[in-house]
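After the structure tokens below, expect a handful of questions from me.
The values are calculated or read from the model by the stated rules, or taken from the named source; none is laboratory data. Since this is a predicted model, take the numbers as computed values, not measurements. Positions of Cβ are backbone-derived with ideal geometry, glycine not excepted, and every protein chain shown enters the neighbour counts. Heavy atoms of the whole protein, side chains included, go into the accessibility calculation; ligands, DNA and RNA do not. Shrake-Rupley method; radii C 1.70, N 1.55, O 1.52, S 1.80 Å.
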Amino acid sequence: MRTDLFDFRLPEDLIASRPAPRRDGARLLDVGPAGLADRAVAELPELLEPGALVVVNDTKVIPARLLGHKAQSGGKVELLLVRRVEAREGEGGRKVERWRAMGKSSKPLRMPLEVRFDAGGELEACVLGRADDGLLEVELRARPGASVEELVGRLGRVPLPPYLGRDDEPEDRERYQTVYARVPGAVAAPTAGLHLSEALLGRLAVRGVGLTTVTLHVGPGTFVPVTADDLDAHPMHEEWYEVSRTAAAAIDEARGRGAPVVAVGTTVVRALESAADPARPGGVRPGRGSTRLLIQPGYEFRVVDALLTNFHLPRSTLLSLVAAFAGRSRVLAAYEHAVRERYRFYSYGDAMLLRERAPAAEAAS
């Protein structure tokens, strides 16, 4: 589909630079068969039917933004770690990890390049060159007796999306992370899940709504703008995911009862649809792998029945996914309403609940 079919006007002052005071204090646009209703995220338990199964992404955001300087010239260097490809023991027992990363510096990067991240030399890097996927190949070395994970956790910064227009602050260590984050590896938060507080999860349980988890490590591709005129020409970044046997069994059990599967966020949709079992409509195959799945109108959803999601960038693959799920015209009308009613957009913004999916043949209209 043409990328311009997913464009809309968004005033800059509607981009939320900080989260709501409470996790479940955001607004919620309820998109149902009867139309649009302005609600609050705190009402979510009452909007889901007892017996529904909610699926969340338990990935954990790592402080993947490393600010350093060139060992020889002292020029500034910024690296954004994307995914780890190897861990080993180097000379003298030093822990060494090889990563794919994105990077920039005060002057163009000339490789190989040695980088220091602190005065004591606890964590060092060598930017070796470019990998086949276009990302930088970076080797991180920890001081003797320390681990790379420990030092990245201490020296790294929260990788806030660039459209927030600010550097990370101490509060972001907690708020740019879901309360159920468990598996380190994401460089961006699964933002729909940021709205779910411990109290709200408790109320869902009291309501009789089930909960299960999958893992998808959100990569930097979530920030990459679509520059192609046709979505098919947009290169999707690879993201690692895992669907456990427990999650697959929970989905099978919900299907057996005729209960809906509710995805919290587009990352859950991509994980579940990537793991869909072609032999069992509505079911998923447990396992792990990587996905480049691009969902656009015309896609036949196989697993997800309802979706809680934030408001996304114009002309983005995430908006394309949402439009494929609920119908392009319906979603764009909901976005127009959200702009008119001054909902807050993007990672720290408000949310929308899409109660049902549109037939694939109607989604493009």
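Suppose we look only past 35 Å in the calculated P(r) of the chain. What percent of the Cα-Cα pairs does that tail hold? Mind dumping the intermediate values first?
Working: 16937 of 66430 pairs.
Roughly 25 percent, once rounded to a whole number.
Also, quick follow-up: Could you work out the longest stretch of the chain that avoids the trypsin sites (Lys or Arg not before Pro) located in DSSP loops with at most 15 other Cβ atoms within 10 Å?
Between the exposed loop sites, the longest stretch runs 183-291.
Suppose R0 equals 22 Å; then what is the FRET efficiency for Glu149 and Thr246 from their Cβ-Cβ distance, rounded to the nearest 0.05? Show your work: numbers first, answer last.
Numbers: r = 26 Å, r/R0 = 1.17.
After rounding to 0.05, the efficiency reads 0.30.
Give the distance, in whole Å, between the Cα centre of segment 166-182 and the Cα centre of segment 257-279.
Rounded to whole Å, the Cα centres lie 26 Å apart.
Please work out the average accessible area per residue across segment 212-365, using the 1.4 Å probe convention, and give it in Å².
On the way: 5850 Å² over 154 residues.
Averaged over the residues of segment 212-365, the accessible area is 38 Å².
Note the count of lysine pairs whose C-alpha atoms are less than 26 angstrom apart in the chain, limited to pairs 8 or more residues apart or on different chains.
Going through the chain pair by pair, I get 9.
Separation between the Glu49 and Glu91 pseudo-spin-labels, each 7 Å from Cα along Cα→Cβ, expressed in nm?
6.6 nm
Between segment 209-247 and segment 40-59, what's the alpha-carbon centroid distance in Å?
If we compute the Cα centre of each part, the gap is 21 Å.
Expressed as a whole percentage, what fraction of the accessible surface of segment 70-187 belongs to carbon and sulfur atoms when a 1.4 Å probe is rolled over the protein heavy atoms?
46 percent
Over its Cα atoms, what ratio of radius of gyration to 2.2 N^0.38 Å does segment 58-121 give?
Scaled against compact globular proteins, the figure is 1.22.
Here's another thing I want to ask about it. Could you work out the local net charge near Leu294, counting Lys and Arg as +1, Asp and Glu as -1, over the other residues with Cβ closer than 10 Å to its Cβ?
Taking every Cβ under 10 Å from that of Leu294, the sum is +1.
Now for a different question. Run through segment 129-232 and list the GluC sites (Glu not before Pro) located in a DSSP loop whose Cβ has at most 16 other Cβ atoms within 10 Å.
When the GluC sites (Glu not before Pro) of segment 129-232 are filtered for loop state and at most 16 Cβ neighbours within 10 Å, Glu171 remain.
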